[in-house]
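So the structure is just underneath, and the comments pick up after that.
The values are calculated or read from the model by the stated rules, or taken from the named source; none is laboratory data. Because the structure is predicted, anything quoted here is derived from the model rather than measured. Reconstructed Cβ throughout: ideal geometry from the backbone, glycine too, with neighbour counts over all protein chains shown. Quick note on the areas: whole protein, heavy atoms, side chains included, nothing else; ligands and nucleic acids left out. Shrake-Rupley method; radii C 1.70, N 1.55, O 1.52, S 1.80 Å.
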Amino acid sequence: MHIVAIVLVLVVLATAVATFAGRLRVPAPSLLVLAGIGVALIPGVPALHVPPQVIGMVVLPPLLYASAEELSLRDLRTVWRPVTILSFGLVFASAAAVGFTVVAVAGLPPAMAFVLGAVLSSTDPVAVTALGRRLALPGRLQVLVQAESLFNDATSLVLFKVAAGIAVAVGASVSLPAAGGEFLLLGGGGSLVGAAVAGLVWLVRRRTTDPVLETVIALVTPYAAYVLAESAHTSGVTSVVVAGVLLGRSGHRLTDAHIRLQLHAVHAVVVFLLESVVFSIVGLELPTLVRDLPSGTGWWPLQALALAAVLIAVRVLSTLPLTRAVKPSRGRLSWRVAGVVTWAGTRGVMPLAAALSIPLLAEDGTRLTGRPLVLVLTTAVVVFTLVVQGLTLAAVVNRSGLALEPEHTAREEDDARDALNRAALDHVEGLAELEAVPDTAVDRVRRALTARLDRTPETPDGTTADAAYRQLRREVIAVQSTELHRLYDEHRISDTTRRSVQHDLDREEAALGTP
């Protein structure tokens, strides 16, 4: 009952914070973290101890899956090289830098320092996606940040499992080939499980037309991918990411407009609730973890700042050589692109979930040295990045000059809609010549499409929409949807424009009623 009450309070708090965040034009995750810290500091508020399995199994799979579904595979193909380098090279470089730094400034044992380095070595897809929704970044840059946060997260958690196993095995010799083999087994196995789950779900959803069943399948898919991968002793996070990316590409071909609209609404509610609760938990956890610190660890704030500075420095040095792949430059490489990519690399829920899952005891039954300090440093770095980088990311993007102007996005959408309406009008004129559809239905649809092209209001004629008219409208919407995806495949519109226009087409088709 205590947990239920806390969750309800967090949902109410998150709703209020999200409302103010929208009015203040600041990212909600940053305010949620600050609100969580403020609530935790109120006298009489009970200490919050969240079991790691609650975050790992209940919260993370749907949030990771939602982030992976939003990833554009078309744009990913253009930046796969820098994404691969960042997802592996930057993860290992960050883990090593954090490990050496924390040994020097905090005196942690090397094994636990390596665990902390693995925990903090990746950006968090949940936080990055939540912050990125507000930014109008160019397609390649947005995909680079989002894809890196997904894939380096999977890499770092696989690295974390290897590091935690080394830390727990007191006195055991470390075999680099064995550790590398375990890394490949966890990552590769998770990818195979995710692909298999995506294939099975694709086959099932192709044969499902019930909106309720479709919604249940969509909600269960990330949990199935995670649980099956973990049961097979592979990476559940990798499995969820792979399944989400593959199914996100073919989602528009698996369902109709009614189901897509319903799934969009359900996903929006689920993601909002889970994100709200989990970012509030990050803030609530920090004061509790600090109170549990042993004596002699009072320098943790400065140590956390040092780790955050090291992570930012390593990220700048790693991203600068890759900016040419994101924004081809004439002459020198762009500091602006490197700055945006670096500042968008916030840490979030995933590092906290990994740190909380560190075992309490080693294999010989003794308590793991430094575990409380690792938890505090992890949470402090997460809070720092969410608050400092989150609240200033929009300013950094605006100062960089890389953000797309609202007029650019609106103009692209208008051009796309014009192309769709012209393709639909050509189709209607062809039907009129064949006399395959009643003239009244053709005239109504023709007038509506012409009004849209002329930017004039559509004037209803007062006639009742008959079956022939509704069928023609559905046929026209199908033609427009095909044209939309052709424009997208030819790189003439962005993924954001494609999603926005497709959503409008779905709403228009749903308004016609069931066939």
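Has the range 377-387 got at least one residue that is among the aliphatic types (A, V, I, L, M), surrounded by fewer than 22 Cβ atoms within 10 Å (Cβ to Cβ) and within 30 Å of Val290 (Cα to Cα)? Checked against the condition, which is being among the aliphatic types (A, V, I, L, M), surrounded by fewer than 22 Cβ atoms within 10 Å (Cβ to Cβ) and within 30 Å of Val290 (Cα to Cα), the range 377-387 yields at least one hit.
Search the range 393-416 for residues that are surrounded by 15 or more Cβ atoms within 10 Å (Cβ to Cβ) and pair each with any residue that is modelled with pLDDT under 80 and of a type in the set (D, E, K, R) when their beta-carbon atoms are under 8 Å apart and the residues are at least 6 apart or on different chains. Hits for this filter: Ala394/Arg25; Ala394/Arg134; Ser400/Arg336; Leu402/Lys327; Leu402/Arg336.
Looking across the range 214-236, the residues that are aliphatic (A, V, I, L, M), assigned to a helix (DSSP H, G or I) and open to solvent by 10 Å² or more (accessible area, probe 1.4 Å) come down to Val216, Ile217, Leu219, Val220, Ala224, Val227, Leu228.
Restricting attention to the range 82-112, the residues that are farther than 20 Å from Val341 by Cα and either touching a residue at least 40 places away in the same chain (Cβ under 8 Å) or among the hydroxyl-bearing types (Ser, Thr, Tyr) (or both) add up to 8. Residue pairs whose Cβ atoms lie under 7 Å apart, separated by 6 or more positions or on different chains, with the first residue in the range 215-230 and closer than 13 Å to Gly56 by Cα and the second surrounded by fewer than 17 Cβ atoms within 10 Å (Cβ to Cβ), are Tyr226/Met57.
Consider the range 469-515 and keep the residues that are in a loop (DSSP other than H, G, I, E, B) and either farther than 13 Å from Leu420 by Cα or touching a Leu at 6+ places or on another chain (Cβ under 7 Å) (or both). The one that is least open to solvent (accessible area, probe 1.4 Å) is Ile493. Looking only at the range 100-125, residues that are open to solvent by less than 10 Å² (accessible area, probe 1.4 Å), modelled with pLDDT of 85 or more and either assigned to a helix (DSSP H, G or I) or in contact with a strand residue (DSSP E or B) (Cβ under 7 Å, 6 or more places away or on another chain) (or both) come to 8 in all.
More than 22 Å from the chain's Cα centre (by Cα), open to solvent by 30 Å² or more (accessible area, probe 1.4 Å) and aliphatic (A, V, I, L, M): is that true of Leu184 in this structure? Yes. Within the range 457-482, if we keep just the residues that are modelled with pLDDT under 85 and hydroxyl-bearing (Ser, Thr, Tyr), the residue that is nearest to Arg507 (Cα to Cα) turns out to be Tyr469.
Among the residues of the range 46-80, those that are of a type in the set (S, T, N, Q) and within 17 Å of the chain's Cα centre (by Cα) comprise Ser67, Ser72. Scanning the range 359-386 for residues that are at pLDDT below 80 and under 18 Å from Ile55 (Cα atoms) yields Pro359, Leu360.
Return yes when Val349 is closer than 21 Å to Glu148 by Cβ and at pLDDT 75 or above and no when it is not. For Val349, the condition - closer than 21 Å to Glu148 by Cβ and at pLDDT 75 or above - is met. Restricted to the range 356-443, the set of helices (runs of 4 or more DSSP H) holding at least 2 residues that are within 27 Å of Val501 (Cβ to Cβ) and of a type outside the set (Asp, Glu) comprises 390-400, 406-434. If you go through the range 41-81 and keep only what is hydrophobic (A, V, I, L, M, F, W, C), open to solvent by 50 Å² or more (accessible area, probe 1.4 Å), touching a residue at least 60 places away in the same chain (Cβ under 8 Å) and under 28 Å from Thr215 (Cβ atoms), you end up with just Met57.
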